[in-house]
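The values are calculated or read from the model by the stated rules, or taken from the named source; none is laboratory data. Everything quoted here is computed from the prediction, not taken from an experiment. All Cβ positions, even for glycine, are placed from backbone atoms using ideal geometry, and neighbour counts span all protein chains on display. Heavy atoms of the whole protein, side chains included, go into the accessibility calculation; ligands, DNA and RNA do not. Shrake-Rupley method; radii C 1.70, N 1.55, O 1.52, S 1.80 Å.
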Amino acid sequence: MIVLEIASGVLLAAGALFVISGGVGLLRFPDFYTRTHAAGLTDSAGAGLILLGLLLQGAGWETAVRLLIIMLFLALTSPTSTHILAHAARRDGVPVWREGDPRR
Amino acid sequence: MMVPPLALFWLVLSGHYTFLLIVLGAVSVVLVCWLAWRADFPERDDVVLPLSPRLPRYVLWLGKEVLVSAVAVVRKVWSPRPDLRPVVGVTPSPDMSVFTQVVYANSITLTPGTLSLDVDEDRIEVHSLDAEDVDVLRDGEMMRRARGLETRR
Amino acid sequence: MIFAVMAALLVTMVLALVRAFLGPDLYNRILAINMFGTKTVLFVAVAGFLFGRPDFLDIGILYALVNFVAVVAVLRLTHHDEPATGRNGDGHS
């Protein structure tokens, strides 16, 4: 059991690190598309690791099923919404930042 | 068509098997079916998630890829002078069913550092933080694995 | 550890809000709000574990649904002049 607890703690800590990095990246990166990558960082790696960590806390199968459903749902919807957002921005002609351009 | 999975979903999630709750569940299933029918929701075979025996392996591999590239992006976030060289590249996706292409494009977006901008018949436009990531995609390992899901359907 | 995760999620939500206020354009704001929503889902789930009330996870599932639908709806609203495309249109054009 102690092994599970340690594994859960490690996963939660790693997830928290990814989430914070994504938040900082959302502020630091220079344009919309690069910020999208920062948001994707929190959505895939951060959310996945935190939910896995909660799963390892071991609290009955009903909780586990709900956690798995949230995980599956986030894994399906977050790339979809990111894609339609970037697609719409691309069609509206939001320019892509290149190295050396000013921040936008 | 949609009733059994919806009913199962309700039963698993509620966990209470009293008369009132089961009636409420039946009402909500009927309501969802009516709404889907009203919205002309297309019932097509190729949107059903095929439970391929290779799906768990793909998910594990994708998780590893996500972690590796997430670490690379985290490095870029915290480096004092991030050397960002974002590029827009094109990776081919020839002869794919709609389902496989959706899985492929979603996997590209799910991996931090790459983002699918535009999906065409036989190619996917990708925005990437690093030119190397597009080259890795062109090598086609992810595409091969996504295809593997389809052939074993 | 759960406290640390909650603190990290709160800090990230504040950062996302800052980005949403700074803008500078519509897309950055929608992106920030979408991220705020997914962080809320995680926050609700973690809070459920902290208070020992797993029922919170149901609220998390609902919030994830509403968040996704909201982003799609906002994009429909701002791009209402474009022809509404079905699955083939959105995934394939």
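Filter the range B:94-118 down to the residues that are among the hydroxyl-bearing types (Ser, Thr, Tyr) and either in a helix (DSSP H, G or I) or crowded, with 22+ Cβ neighbours inside 10 Å (or both) and list them by number. Passing the criteria: B:100, B:104, B:107, B:109, B:111, B:114, B:116.
Considered as a group, the residues in the range B:119-133 that are in contact with a Gly (Cβ under 7 Å, 6 or more places away or on another chain) and of a type outside the set (A, V, I, L, M, F, W, C) include one that is surrounded by the fewest Cβ atoms within 10 Å (Cβ to Cβ), and that residue is B:130.
Select, from C:75, C:57, C:31, the only residue that is farther than 19 Å from residue C:12 by Cα, open to solvent by less than 10 Å² (accessible area, probe 1.4 Å) and either of a type outside the set (D, E, K, R) or at pLDDT 85 or above (or both).
Numbers: C:75 fails: open to solvent by less than 10 Å² (accessible area, probe 1.4 Å); C:31 fails: farther than 19 Å from residue C:12 by Cα.
C:57 is the lone residue from the list that is farther than 19 Å from residue C:12 by Cα, open to solvent by less than 10 Å² (accessible area, probe 1.4 Å) and either of a type outside the set (D, E, K, R) or at pLDDT 85 or above (or both).
With respect to residue B:70, determine if the residue is at pLDDT below 85 and either outside any strand (DSSP E or B) or open to solvent by 30 Å² or more (accessible area, probe 1.4 Å) (or both). No; evaluated as a whole, the condition is false for this residue. Looking at the range A:47-57, can you tell me whether even one residue there is under 19 Å from residue B:75 (Cα atoms) and not small (Gly, Ala, Ser)? So far as the range A:47-57 goes, yes, one or more of its residues are under 19 Å from residue B:75 (Cα atoms) and not small (Gly, Ala, Ser).
Checking each residue in the range B:53-62 for being open to solvent by 30 Å² or more (accessible area, probe 1.4 Å) and either touching a helix residue (DSSP H, G or I) at 6+ places or on another chain (Cβ under 6 Å) or within 18 Å of residue A:37 (Cβ to Cβ) (or both) picks out only B:54. Among the residues of the range A:82-104, the ones that are under 18 Å from residue B:101 (Cβ atoms) and open to solvent by less than 20 Å² (accessible area, probe 1.4 Å) come to 3 in all.
Residue pairs whose Cβ atoms lie under 8 Å apart, sitting 6 or more positions apart in sequence or on different chains, and linking a residue in the range B:52-80 that is polar (S, T, N, Q) to a partner that is part of a loop (DSSP other than H, G, I, E, B), are B:52/B:152; B:52/B:153; B:69/B:111; B:69/B:112; B:69/B:113.
One line per residue, one yes/no per condition, for (1) more than 9 Å from chain C (Cβ to nearest Cβ); (2) in a helix (DSSP H, G or I):
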site	(1), (2)
A:20	no, yes
A:24	no, yes
A:58	yes, no
A:70	no, yes
A:79	yes, yes
A:101	yes, no
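Is it fair to say residue A:63 is within 10 Å of chain C (Cβ to nearest Cβ) and either in contact (Cβ under 8 Å) with a residue 60 or more places away in the chain or buried (at least 16 other Cβ atoms within 10 Å of the Cβ) (or both)? So residue A:63 fits the description; yes.
Would the range C:5-24 turn up any residue that is on the phi > 0 side of the Ramachandran plot and either more than 7 Å from chain A (Cβ to nearest Cβ) or modelled with pLDDT of 90 or more (or both)? Quick ask: steps written out before the conclusion?
The initial filter retains those residues of the range C:5-24 that are on the phi > 0 side of the Ramachandran plot, namely C:23.
Subsequent filtering for residues that are either more than 7 Å from chain A (Cβ to nearest Cβ) or modelled with pLDDT of 90 or more (or both) retains C:23.
So far as the range C:5-24 goes, yes, one or more of its residues are on the phi > 0 side of the Ramachandran plot and either more than 7 Å from chain A (Cβ to nearest Cβ) or modelled with pLDDT of 90 or more (or both).
Here is the figure for the range A:1-33: residues that are of a type in the set (S, T, N, Q) and buried (at least 24 other Cβ atoms within 10 Å of the Cβ) total 1.
Could you check residue B:86 against (1) open to solvent by 10 Å² or more (accessible area, probe 1.4 Å); (2) out of contact with any His (no Cβ under 6 Å at 6 or more places or on another chain); (3) facing chain A (nearest Cβ under 9 Å); (4) more than 23 Å from residue B:144 (Cβ to Cβ) and say which number it fails? Among (1) open to solvent by 10 Å² or more (accessible area, probe 1.4 Å); (2) out of contact with any His (no Cβ under 6 Å at 6 or more places or on another chain); (3) facing chain A (nearest Cβ under 9 Å); (4) more than 23 Å from residue B:144 (Cβ to Cβ), the lone unmet condition for residue B:86 is (1). Counting only residues that are within 17 Å of residue B:115 (Cα to Cα) and open to solvent by 10 Å² or more (accessible area, probe 1.4 Å), the range A:34-53 holds 3 of them. Counting the residues of the range A:26-56 that are within 7 Å of chain C (Cβ to nearest Cβ) and hydroxyl-bearing (Ser, Thr, Tyr) gives 2.
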